[in-house]
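Engineer: I am attaching a structure below and will ask some questions about it afterwards.
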Amino acid sequence: MNQSRGIDGLNEADKSKLIADLKARAKAKSMKAAEAEPAPAAATAKAFDFTNLSAHKQLRMMRALGDMTGIADPFFKLHDGIPGGTIRTGSETHVNFGTYNYVGLNGDARVMAAAKDAIDRYGTSVSASRVVAGERPFHGRLEAALARFTGTEAALAFVSGHATNVSTIGCLMGPKDLILADCLAHNSIVEGARLSGATRAAFPHNDLEALEHMLARSRDRHERVLIAVEGLYSMDGDCPDLARLVDLKTRFGAWLMVDEAHAAGVLGASGRGIAEEQGVDPRAVEIWMGTLSKAFASAGGYIAGAQALIDVLKAGAPGFVFSVGLSPAQGAAALQALEIIEAEPDRVARLRANGRTFLAAAKANGLDTGTAIGASVVPVIVGDSSFAVALSNRLSARGISVLPIIFPAVPEKQARLRFFITCEHTEQQLVTAANATAEEFAKLKRGT
Ligand SMILES: Cc1ncc(COP(=O)(O)O)c(C=O)c1O
């Protein structure tokens, strides 16, 4: 055997020649390609300019429209202090209908102390995914409390409510599966369904007859089916019929997922959500989802259900495995808030009484509240988006802070003001806000 040759059969001189030859050929090829497709400088610059994106063009159009009509942009306003029944905006204090502080726990001294203690003990971050950075005691305690609260075997906390839905649906469902979601389901459910690659369809809002027809038509063509709904709808403030959904998913062999973002801490005598409100066994629902950003006065989300479901997500949900664990302040605040809700159900009772008061006052004024049941979310539907924005601005001028929901978040003729109700509002604030909304809406319609 020739010792000067390597195992590839080439000596050093042959190798150098081959490498030089390959480099020369690669260079010639890339020059030829460059000649054949000269990069049009102007086109390239245009493609890289973000102002050419249709989303940016639309934004500029909206701003121009605002300037022309003199309607101020009500979004991204600067506030100060803790948002409760009131909020500080510049030098003014407004009655606040723009935040999720449903049971008044954002700003509660005990919740803030728990967050501060957790920071003192564990720092401001857990610094990596729990898979690698390990657990902290508050993670397990929060998850055990969430399982207890939801009446399930186990729970898992994520760093974002939105990511909880995207990641969970994306992890559980695949191309052979079918996802049927209420047409008003939150964007995070829609995005999760898209990510999963499953066949997707939306059924008309709360129309379980239509859902049944869809199941009857399509169930057999798919391996698994997921029905996704909300416990209390975020734009309409109404609920599905949970017992009927359980019956449907049982008959057709589907999983049922209920997003309790606006229902946890709100529905049911002790705030345990739609199952408690409607007297359904929570174990009949496979996937309970909730956020920590609303009644629980923190940020993040959770899934609750069977231990095996939690095991699967813990091992495979990308938003859990590849994302940092819930931070000490967020975890401890949510846990403390949950324990207060359990200990002080009168907060839930006050919130519900306030929801009923506002709904009744709005209806008495002839306002269109759609199908809202009068809980944490009550819409006042006004029609055009421009009407909703103008009405929000007029109410702001009267010291009432309420945000418009406009197209494309809702259909164009369904633009609305969305009132978030808290247990901290007074009866007078609620009635005054409903009266002022009706007065300003009437003036707007008259063009005065
Ligand atoms: C129904 C619903 N699900 C999920 C989310 C996402 O939660 P988060 O804002 O905590 O990320 C929201 C947000 O408001 C929501 O309304």
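Engineer: In what order do V190, V285, V377 fall by count of nearby beta-carbon atoms within 10 Å, going from fewest to most?
Structural biologist: By the 10 Å Cβ count, ascending: V190, V377, V285.
Engineer: Quick check on segment 63-210: take the gyration tensor over C-alpha atoms, sort the square-rooted eigenvalues as a ≥ b ≥ c, and tell me if it's rounded (a/c under 1.5), prolate or oblate.
Structural biologist: Oblate, because a/c is 1.5 or more while a/b does not exceed b/c.
Engineer: With angles folded into 0 to 90 degrees, how steeply does helix 12-36 sit against the dominant principal axis of the chain? Use alpha carbons for both and round to 10.
Structural biologist: Approximately 50 degrees, to the nearest 10.
Engineer: Something else about it: If each residue's Cβ is checked for other Cβ atoms within 10 Å, how do T448, T86, T291 rank with the fewest at the top?
Structural biologist: So the residues, fewest neighbours to most, are T448, T86, T291.
Engineer: Taking Cα atoms, how many degrees apart are the long axis of helix 346-364 and the longest axis of the chain, rounded to 10 and kept between 0 and 90?
Structural biologist: For 346-364 against the chain, the angle is about 70 degrees.
Engineer: Still on this structure, I have one more. Once both labels are modelled 7 Å past Cα along the beta-carbon direction, what's the Q307-N187 spacing in nm?
Structural biologist: 3.8 nm
Engineer: Rounded to the nearest 5, what % of the DSSP beta bridges within the chain are antiparallel ones?
Structural biologist: Of those bridges, close to 55 percent are antiparallel.
Engineer: Compute the FRET efficiency between K363 and S125 as 1/(1 + (r/R0)^6), taking r as their Cβ-Cβ distance and R0 = 56 Å, and round to the nearest 0.05.
Structural biologist: 0.75
Engineer: Divide by every residue of the chain the summed helix terms, -39500 (n - 2.57) for each DSSP H run of at least 4, and state the resulting mean residue ellipticity at 222 nm, rounded to the nearest 500 deg cm²/dmol.
Structural biologist: It comes out at -15000 deg cm²/dmol, rounded to the nearest 500.
Engineer: How would you rank M112, M62, going from fewest to most other Cβ atoms within 10 Å of each one's own Cβ?
Structural biologist: M62, M112
Engineer: Would you mind finding the longest exposed-site-free stretch of the chain, with exposed chymotrypsin sites (Phe, Trp or Tyr not before Pro) meaning DSSP loop and at most 13 other Cβ atoms within 10 Å?
Structural biologist: The segment 77-321 is the longest one with no such site.
Engineer: Another question, if that's okay. Using every Cα-Cα pair within the chain, state what percent have a distance larger than 30 Å.
Structural biologist: 54 percent
Engineer: Between the helical axis of 161-172 and the dominant principal axis of the chain, each derived from Cα atoms, what acute angle in degrees is found, rounded to the nearest 10?
Structural biologist: 50 degrees
Engineer: Moving on. If each of D220 and K116 carries a label point 7 Å out from its Cα toward its Cβ, how far apart are those two points in nm?
Structural biologist: Label-label distance for D220 and K116, simple model: 6.5 nm.
Engineer: For the pair A269 and T44, how long in nm is the line joining their label points, each one 7 Å along Cα→Cβ?
Structural biologist: 7.1 nm
Coordinate-derived values only; no laboratory data. Just so you know, these numbers come straight off a predicted model, no measurement behind them. In this analysis, Cβ positions are derived from the backbone assuming ideal geometry, glycine residues included, and neighbour counts consider all displayed protein chains.
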